[in-house]
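K.L.:
Just passing along the structure, written as structure tokens.
The values are calculated or read from the model by the stated rules, or taken from the named source; none is laboratory data. Keep in mind it's a predicted model, so treat the numbers as computed, not measured. Neighbour counts run over all protein chains shown; Cβ positions are idealised from the backbone, glycine included. Heavy atoms of the whole protein, side chains included, go into the accessibility calculation; ligands, DNA and RNA do not. Shrake-Rupley method; radii C 1.70, N 1.55, O 1.52, S 1.80 Å.
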Amino acid sequence: MKKLDDQDIRALREALPAWRFDAQRGGTITREFRFADFAQAFGFMAQVALAAERLNHHPEWSNVYDRVTVTLTTHDAGGLSTNDLELARCIEQAFAPFQARA
């Protein structure tokens, strides 16, 4: 795991434009995902949970009916790290089939 520097964060923001960057807590990225219903939202969360376990890097998230909000940061690094980038890519991949249905 490598903490991202300013250049890495600029590249991250370009690679993941749907994610909102916040400098608080050393750097976080957040994205809200919308689904057709609660079952789809929960299914998405289950897929992400499996990826997070595999990567041993877990999101901060919440679910309200058809919405899932995900925030990523690496507490041990004091901000964004390569772990966040990898998990964000997995999350985007998990969301792609739901996005195609919209």
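K.L.:
Please work out which one of (1) modelled with pLDDT of 95 or more; (2) open to solvent by 50 Å² or more (accessible area, probe 1.4 Å); (3) farther than 24 Å from Met1 by Cα is the condition Ala102 fails and give its number.
P.N.:
Condition (1) is where Ala102 drops out.
K.L.:
Among the residues of segment 25-35, write down those that are open to solvent by 30 Å² or more (accessible area, probe 1.4 Å) and either at pLDDT 95 or above or touching a Pro at 6+ places or on another chain (Cβ under 9 Å) (or both).
P.N.:
Residues satisfying the conditions are Glu32, Arg34.
K.L.:
If you don't mind, there's one more thing I want to ask. Name the residues in segment 9-20 that are within 11 Å of the chain's Cα centre (by Cα) and surrounded by 14 or more Cβ atoms within 10 Å (Cβ to Cβ), would you?
P.N.:
The first filter runs over segment 9-20 and keeps only residues within 11 Å of the chain's Cα centre (by Cα), leaving 16, 18-20.
Result: Leu16, Trp19.
K.L.:
Taking segment 4-56 on its own, how many of its residues are within 14 Å of Cys90 (Cβ to Cβ), hydrophobic (A, V, I, L, M, F, W, C) and not in a strand (DSSP E or B)?
P.N.:
Result for segment 4-56: 12.
K.L.:
Right, another one. Given the conditions (1) touching a residue at least 60 places away in the same chain (Cβ under 8 Å); (2) surrounded by 14 or more Cβ atoms within 10 Å (Cβ to Cβ); (3) outside any helix (DSSP H, G or I); (4) among the aliphatic types (A, V, I, L, M), report the number of the one that Met1 does not fulfil.
P.N.:
(2)
K.L.:
While we're looking at this one, here's another question. Sort out which residues of segment 57-81 are touching a residue at least 40 places away in the same chain (Cβ under 8 Å), part of a loop (DSSP other than H, G, I, E, B) and on the phi < 0 side of the Ramachandran plot, and write them in order of number.
P.N.:
The answer is Thr73, Leu80.
K.L.:
Then there's this: Take Pro59 and tell me if it is under 13 Å from the mean Cα position of the chain (by Cα), surrounded by 16 or more Cβ atoms within 10 Å (Cβ to Cβ) and within 20 Å of Gln99 (Cβ to Cβ).
P.N.:
When the stated conditions are applied, Pro59 passes them.
K.L.:
Here is a further query. Please list, ordered by first then second residue, the pairs with beta carbon atoms under 7 Å, 6 or more apart or interchain, first in segment 19-41 and within 26 Å of Gly79 (Cα to Cα) and hydrophobic (A, V, I, L, M, F, W, C), second open to solvent by 70 Å² or more (accessible area, probe 1.4 Å) and in a helix (DSSP H, G or I).
P.N.:
Phe21/Arg13
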